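So the structure is just underneath, and the comments pick up after that.
The values are calculated or read from the model by the stated rules, or taken from the named source; none is laboratory data. All values derive from a computational prediction rather than experimental measurement. Cβ placement follows ideal geometry from the backbone for every residue including glycine, while neighbour counts extend to all protein chains displayed.
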């Protein structure tokens with residue numbers, strides 16, 4: 001494990017270990033690599049700020065936390081050195097028109113279900129719940145008007161007391177396997193097969209789909225401008241970091257790749 005240093009200034013092992021807590025990853029090696037890059041970038045920026053003789057007073061961040069003197073110094077350097085254009089009306093409108101799907105309200109689904117509860121870890125119970133769901137589906141295909149009564153009688157979900165009705169749900173409000181079937185149904189359609197989830201087997205019916213609406217540009221203009229400004233700032237900051245890294249003597253870290261993180 002080579003020493004991590006920036007222009008001859010070594011980054012202590014204790015600092016790396018502490019910084020790793022801020023970089024969750026699948027492996028300790030990946031967390032360490034992220035921590036080393038973040039500390040190297042911070043040191044590189046601090047050295048440049050001090051070289052230029054900059055000074056800055058700590059101030060509270062937007063979330064109320066107090067920034068350190070070093071945080072303020074890094075902010076001062078980036079504010080001075082990283083210049084970028086502000087997204088104008090034309091740029092914002094162009095991005096909006098090219099990404100209309102990002103600016104729609106969510107589709108909503110009114111559904112009802114009957115839950116036959118069972119844990120997937122209990123294979124026998126899960127298979128029994130699936131068979132029962134199949135029988136209920138067969139019954140409802142012949143007698144669709146019995147759904148509410150069967151939900152009240154057989155469902156293990158609290159919604160059973162209201163005929164199995166779930167109200168209006170949107171994407172991300174139910175488990176993925178449930179959504180896969182729900183979003184594929186036509187209004188009024190009973191799912192022809194049991195929907196298997198971690199909770200058991202479901203008999204599912206879609207009652208109504210409420211299509212999301214396109215949000216007008218005027219409503220999202222500020223959000224678009226913030227997104228574009230942030231994207232430009234990140235690209236400009238990355239370019240500036242590459243310039244600094246190209247002039248520096250780095251040991252134990254590579255800051256020249258496309259995946260170099262920005263200042264944390």
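Within the stretch 28-51, identify whether any single residue is at pLDDT below 90, exposed (fewer than 13 other Cβ atoms within 10 Å of the Cβ) and out of contact with any strand residue (DSSP E or B) (no Cβ under 7 Å at 6 or more places or on another chain), and answer yes or no. So that I can check it myself, show each step before the final result.
Residues of the stretch 28-51 at pLDDT below 90: none.
There is no residue in the stretch 28-51 that is at pLDDT below 90, exposed (fewer than 13 other Cβ atoms within 10 Å of the Cβ) and out of contact with any strand residue (DSSP E or B) (no Cβ under 7 Å at 6 or more places or on another chain).
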Working only within the stretch 73-131, note down all residues that are in a helix (DSSP H, G or I) and in contact with a helix residue (DSSP H, G or I) (Cβ under 7 Å, 6 or more places away or on another chain). 73, 74, 76, 77, 78, 81, 91, 92, 93, 95, 96, 103
Residue check: is residue 180 touching a strand residue (DSSP E or B) at 6+ places or on another chain (Cβ under 9 Å) and either over 30 Å from residue 150 (Cα atoms) or touching a residue at least 60 places away in the same chain (Cβ under 8 Å) (or both)? no
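Residues are listed down the side, and each one gets a yes or a no for (1) in contact with a helix residue (DSSP H, G or I) (Cβ under 8 Å, 6 or more places away or on another chain); (2) assigned to a helix (DSSP H, G or I); (3) touching a residue at least 12 places away in the same chain (Cβ under 8 Å); (4) within 19 Å of residue 193 (Cβ to Cβ):
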site: 57; (1), (2), (3), (4): yes, no, yes, no
site: 135; (1), (2), (3), (4): no, yes, no, yes
site: 138; (1), (2), (3), (4): no, yes, no, yes
site: 151; (1), (2), (3), (4): yes, yes, yes, yes
Name the pairs: first residue in the stretch 34-54 and on the phi > 0 side of the Ramachandran plot and assigned by TED's automatic domain parsing to the domain that holds residue 82, second residue modelled with pLDDT under 95 and surrounded by fewer than 18 Cβ atoms within 10 Å (Cβ to Cβ), Cβ to Cβ under 9 Å, at least 6 apart or on different chains? none
